[in-house]
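To start, the structure itself, in structure tokens.
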Amino acid sequence: MAGKPKGRSFGAQPVADLASKILDPVLRKRAGISVALVQSWEEIVGERIARSSLPEKIVWPRRMSEGDPFEPAMLIVACEGMAALALQHETGEVISRVNAFLGFAAVGRIRILQKPVAVDAPRRPRGPARLDENDAAYVKSLTREIESDDLRDALERLGAEVIGAKRRTA
């Protein structure tokens with residue numbers, strides 16, 4: 001019986017994984033950087049620094065021959081205003097965190113470029129959805145027969161969020 005060919009996946013895949021497979025080679029060639037480093041920047045450097053900075057590229061020193069010893073690269077980071085000063089004071093820590101993320105001593109120094117950085121604003125929690133009396137009664141009627149109070153309350157909150165989300169997008 002013939003199975004599916006090895007190495008091919010026919011199931012659904014996250015778009016981020018597909019984009020990474022396409023973009024990683026391009027970014028490595030053009031900027032010497034991977035999508036994973038950019039995506040994980042906040043986890044690497046912390047929320048305070050990540051709010052106003054982004055890694056732009058990694059510049060590797062030129063080697064004249066294969067026998068030349070390995071030299072670490074320079075990480076170029078775009079940073080806004082006063083955050084550049086904070087990043088400058090923490091370069092040693094940032095270098096060690098980036099190297100830990102990459103798995104080897106890839107980066108030896110950081111060059112800071114002061115320029116505007118477009119970073120998404122953090123999302124604020126919306127709070128629970130407010131339903132009118134008819135929708136609230138409908139949700140309660142669906143969960144009426146559930147014996148567990150905790151489960152019933154959780155499902156009522158979920159129902160309110162689902163109905164509230166449908167209203168917001170309509």
Note to self: Using Cβ contacts closer than 10 Å as the measure, can you line up Leu87, Leu158 from fewest to most?
What the structure shows: Leu158, Leu87
Next item on the list: Among Met64, Met74, rank each residue by its count of other Cβ atoms within 10 Å, from fewest to most, as a rough exposure measure.
Entry: Met64, Met74
Next item on the list: Would you mind computing, in nm to one decimal, how far apart the modelled labels at Leu102 and Leu85 are, each placed 7 Å from Cα along Cα→Cβ?
Entry: 2.9
Next item on the list: Note down the nm distance, to one decimal, between modelled labels 7 Å out along Cα→Cβ at Asp150 and at Arg63.
Entry: 5.7
Margin query: Suppose R0 equals 45 Å. What FRET efficiency, 1/(1 + (r/R0)^6) with r the Cβ-Cβ distance, do Ala136 and Leu54 give to the nearest 0.05?
Written below: 0.55
Next item on the list: May I ask you to list the residues of segment 92-118 whose amide nitrogen lies under 13 Å from a point 7 Å from Cα along the Cα→beta-carbon direction of Glu71?
Entry: 108-109
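A short reminder: the numbers here are calculations on the coordinates, not readings from a lab. Bear in mind the structure is a predicted one, so any value in this text is a computation, not a measurement. Note that we place each Cβ from the backbone using ideal geometry, even for glycine, and neighbour counts take in every protein chain shown.
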